[in-house]
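K.L.:
Mind looking over this structure? Questions follow.
The values are calculated or read from the model by the stated rules, or taken from the named source; none is laboratory data. Note that the structure is predicted; figures quoted are calculated from it, not measured. As a convention, Cβ positions derive from the backbone with ideal geometry for all residues, glycine included, and neighbour counts pool all protein chains shown. The protein model used for the area step is the full one, side chains on, heavy atoms only, and it has no ligands, DNA or RNA in it. Shrake-Rupley method; radii C 1.70, N 1.55, O 1.52, S 1.80 Å.
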Amino acid sequence: MRVSLQDCQAIDVHAHPYIAYSEPFTADEFVRKLSLAVIPNQIPENYQRVAKQPYPGSNMWVQILIQRLAKYFSCEPTLEAVVEQRNARALDFKKYTRELFQDANITGIVGDFGYPQPPLLKPEYADLCGARIWEIYRIEPVMVRLSEECQTFEEFQEQYRSDLAKELKKAGVVGLKSIIAYRSGLEIAPMNEQLAAEEYAEFRANTRETAKSFRDYCLHVAMEECTSSDKVMHIHTGVGDGEVVLPKASPSFLLEMLRDEKYQDTKVHLVHGGYPWVEEAAFIVSILPNVYMDISLQNPFSGHGVKRILSQVFEFAPFDKVMYGSDAFTVPEMNWLGVHLFKECFEEVLTSWVESDYMDAETARVIGEMVLFRNFENIYQKYLKGAIG
């Protein structure tokens, strides 16, 4: 009766590129690479660890990664032993990365090349991991770059729209992305060109300023361009690193904008599925026909919480509205564990549905395939041929 997803391919609909690291990591450096924290963990001087005590700064997702990598490497399940093994294998970083991707059966990635900056190149990342690569084009670096080039709002306005339209015409670019949740929050006001113009000087002086009317205006322009090009608007929702405007990061704040009649045909992708407000995201995708969600970041970074989250998401979300993702951003181990932890947890959820007589095992297996890759292929079918790799 147990549902298995082990042989399924996975298309990761939200991840970031990274470079090949030529130098080995210390245990401390590896934990820092795995952390979402902006401020690195500060270990007190003369910190005393007892036997079997997890490394300072590590949490449940790091613990699971160590345990799973230890099995993969056939070594002791300690951070030090795992790091020693991965450093030896990662001397040939491309070979190591490709082996991890093949072991997890990752066949494609939708990459946010807006992080890190300056941006990495799609062909190089495709060559590193051996998977097909599509791109979402992040609007905030464009806003920053053009604010340095354009003296007036009128000039910025023209160049900004032109830049987005040009990028959306490129093969392999499946849509735009905004991280407005990190800067001014997701409570988006109606488009107001006058107020945006008034805040342009403030934004030019400090591109990290809230400048809410200006940022809201830029998001509206991006929504309009995605609408006219029939591509997808990705919006960061929920938690992220420590800079997020947490009180205004719930996807529920987007409802008013998403209900606007002019965006009724706009495809919107709620990145990170609003975690921890996953129920809100699930409800939104259940009532708005062109809005979708992924479970990146909450998978794998909530660790054992992935099982609970998957069960919660499908309390409301239609099976064809949810996509697999990882939000991997520094090392390939993130991509790798994302798939394995997702499959492990979703198998348990799907099996419980079969045991409860909600569906048969074949239907449960198909639902797993839908989230892992079929939903992406259906939602993004017009753009699949533009992949690199």
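K.L.:
In the range 185-204, is there at least one residue being closer than 26 Å to S147 by Cβ and under 18 Å from the mean Cα position of the chain (by Cα)?
P.N.:
Of all residues in the range 185-204, those closer than 26 Å to S147 by Cβ come to 185-204.
Adding the requirement that they be under 18 Å from the mean Cα position of the chain (by Cα) leaves 185-186.
Checked against the condition, which is being closer than 26 Å to S147 by Cβ and under 18 Å from the mean Cα position of the chain (by Cα), the range 185-204 yields at least one hit.
K.L.:
Only one of (1) under 15 Å from H234 (Cα atoms); (2) open to solvent by less than 30 Å² (accessible area, probe 1.4 Å) is not met by D265, so which one is it?
P.N.:
Condition not satisfied by D265: (2).
K.L.:
So if I check each of I295, I287, which one is among the aliphatic types (A, V, I, L, M), over 28 Å from Q117 (Cβ atoms) and modelled with pLDDT of 95 or more?
P.N.:
Working: I295 fails: over 28 Å from Q117 (Cβ atoms).
Just a single option satisfies the conditions, and that option is I287.
K.L.:
Of everything in the range 84-137, what is in contact with a Leu (Cβ under 8 Å, 6 or more places away or on another chain), in contact (Cβ under 8 Å) with a residue 60 or more places away in the chain and more than 28 Å from K231 (Cβ to Cβ)? Give them in sequence order.
P.N.:
R86, F93, K94, T97
K.L.:
Mind checking which residues of the range 51-78 are part of a helix (DSSP H, G or I) and open to solvent by less than 50 Å² (accessible area, probe 1.4 Å)?
P.N.:
So in the range 51-78, the residues part of a helix (DSSP H, G or I) come out as 60-73.
If the condition is that a residue be part of a helix (DSSP H, G or I) and open to solvent by less than 50 Å² (accessible area, probe 1.4 Å), then W61, V62, I64, L65, I66, L69, A70, F73 are the ones that fit.
K.L.:
Another question, if that's okay. Looking at the structure I just gave you, is A361 buried (at least 23 other Cβ atoms within 10 Å of the Cβ) and out of contact with any Phe, Trp or Tyr (no Cβ under 7 Å at 6 or more places or on another chain)?
P.N.:
No.
K.L.:
Ok, one more. Just for the range 9-50: of the residues that are of a type in the set (D, E, K, R) and either closer than 30 Å to G130 by Cα or in contact with a strand residue (DSSP E or B) (Cβ under 9 Å, 6 or more places away or on another chain) (or both), which one is surrounded by the most Cβ atoms within 10 Å (Cβ to Cβ)?
P.N.:
D12
K.L.:
Restricting to the range 375-388, name every residue that is out of contact with any Pro (no Cβ under 8 Å at 6 or more places or on another chain) and not basic (K, R). It would help to see each step written out before you state the result.
P.N.:
Taking the range 375-388 first, the residues out of contact with any Pro (no Cβ under 8 Å at 6 or more places or on another chain) are 375-387.
Those that are out of contact with any Pro (no Cβ under 8 Å at 6 or more places or on another chain) and not basic (K, R): N375, F376, E377, N378, I379, Y380, Q381, Y383, L384, G386, A387.
K.L.:
State which residue is nearest to the chain's Cα centre (by Cα) when the search covers only the range 317-342 and only residues that are of a type in the set (S, T, Y) and within 19 Å of M370 (Cα to Cα).
P.N.:
Taking the range 317-342 and keeping what is of a type in the set (S, T, Y), we get 324, 326, 330.
Imposing the further condition that a residue be within 19 Å of M370 (Cα to Cα) reduces the set to 324, 326.
On the way: Y324: 9, S326: 6 Å.
Filtering first and then ranking leaves S326.
K.L.:
Looking at V291, V349, V331, can you tell me which residue is buried (at least 23 other Cβ atoms within 10 Å of the Cβ) and either closer than 26 Å to I179 by Cβ or in contact with a helix residue (DSSP H, G or I) (Cβ under 9 Å, 6 or more places away or on another chain) (or both)? I'd like the intermediate steps shown before the answer.
P.N.:
On the way: V349 fails: buried (at least 23 other Cβ atoms within 10 Å of the Cβ); V331 fails: buried (at least 23 other Cβ atoms within 10 Å of the Cβ).
Just a single option satisfies the conditions, and that option is V291.
K.L.:
Return the residues of the range 216-231 that are in contact with a strand residue (DSSP E or B) (Cβ under 9 Å, 6 or more places away or on another chain) and either farther than 17 Å from S162 by Cα or open to solvent by 10 Å² or more (accessible area, probe 1.4 Å) (or both); say none if nothing qualifies.
P.N.:
E225, T227, S229, D230, K231 - these are the residues of the range 216-231 that are in contact with a strand residue (DSSP E or B) (Cβ under 9 Å, 6 or more places away or on another chain) and either farther than 17 Å from S162 by Cα or open to solvent by 10 Å² or more (accessible area, probe 1.4 Å) (or both).
K.L.:
Given the criteria buried (at least 19 other Cβ atoms within 10 Å of the Cβ) and closer than 17 Å to K33 by Cα, does V83 qualify?
P.N.:
Values: buried (at least 19 other Cβ atoms within 10 Å of the Cβ): yes; closer than 17 Å to K33 by Cα: yes.
Here the answer is yes, as V83 does meet what is asked.
K.L.:
Now, a different point. Can you tell me how many residues within the range 319-342 are in a loop (DSSP other than H, G, I, E, B) and under 14 Å from Y125 (Cβ atoms)? Break it down stepwise before answering.
P.N.:
Pass one, the range 319-342, residues in a loop (DSSP other than H, G, I, E, B): 324-331.
Pick out the ones that are also under 14 Å from Y125 (Cβ atoms) and you get 328-331.
Count: 4.
K.L.:
Residues to consider are P141, P118, P123; find the one that is closer than 29 Å to G338 by Cα and touching a Gly at 6+ places or on another chain (Cβ under 6 Å).
P.N.:
Values: P118 fails: touching a Gly at 6+ places or on another chain (Cβ under 6 Å); P123 fails: touching a Gly at 6+ places or on another chain (Cβ under 6 Å).
It is P141.
K.L.:
Taking only pairs six or more apart or across chains, which ones have beta-carbon atoms under 8 Å, a first residue in the range 158-187 that is of a type in the set (D, E), and a second residue that is open to solvent by 30 Å² or more (accessible area, probe 1.4 Å) and not in a loop (DSSP other than H, G, I, E, B)?
P.N.:
Within 8 Å, the pairs are E167/Y137; E187/K248; E187/F253.
K.L.:
Give me a count of the residues in the range 196-210 that are farther than 28 Å from D294 by Cβ and surrounded by 15 or more Cβ atoms within 10 Å (Cβ to Cβ). Walk me through how you get there before you give the answer.
P.N.:
Going through the range 196-210, the residues farther than 28 Å from D294 by Cβ turn out to be 196-206, 209.
Now narrow it down to the ones that are surrounded by 15 or more Cβ atoms within 10 Å (Cβ to Cβ): 196-197, 199-200, 203-204, 209.
Going through the range 196-210 one residue at a time, the tally reaches 7.
Quick grid of which residues meet (1) open to solvent by less than 20 Å² (accessible area, probe 1.4 Å); (2) out of contact with any Asp or Glu (no Cβ under 7 Å at 6 or more places or on another chain):
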{"residue": "Y125", "(1), (2)": "yes, yes"}
{"residue": "A131", "(1), (2)": "yes, yes"}
{"residue": "W134", "(1), (2)": "yes, yes"}
{"residue": "Y137", "(1), (2)": "no, no"}
{"residue": "S147", "(1), (2)": "yes, yes"}
{"residue": "F153", "(1), (2)": "yes, yes"}
{"residue": "K169", "(1), (2)": "no, yes"}
{"residue": "V173", "(1), (2)": "yes, no"}
{"residue": "I188", "(1), (2)": "yes, no"}
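K.L.:
Which of the residues belonging to the range 343-389 are over 30 Å from I136 (Cβ atoms), under 27 Å from the mean Cα position of the chain (by Cα) and either in contact (Cβ under 8 Å) with a residue 60 or more places away in the chain or not in a helix (DSSP H, G or I) (or both)?
P.N.:
T351, A364 - these are the residues of the range 343-389 that are over 30 Å from I136 (Cβ atoms), under 27 Å from the mean Cα position of the chain (by Cα) and either in contact (Cβ under 8 Å) with a residue 60 or more places away in the chain or not in a helix (DSSP H, G or I) (or both).
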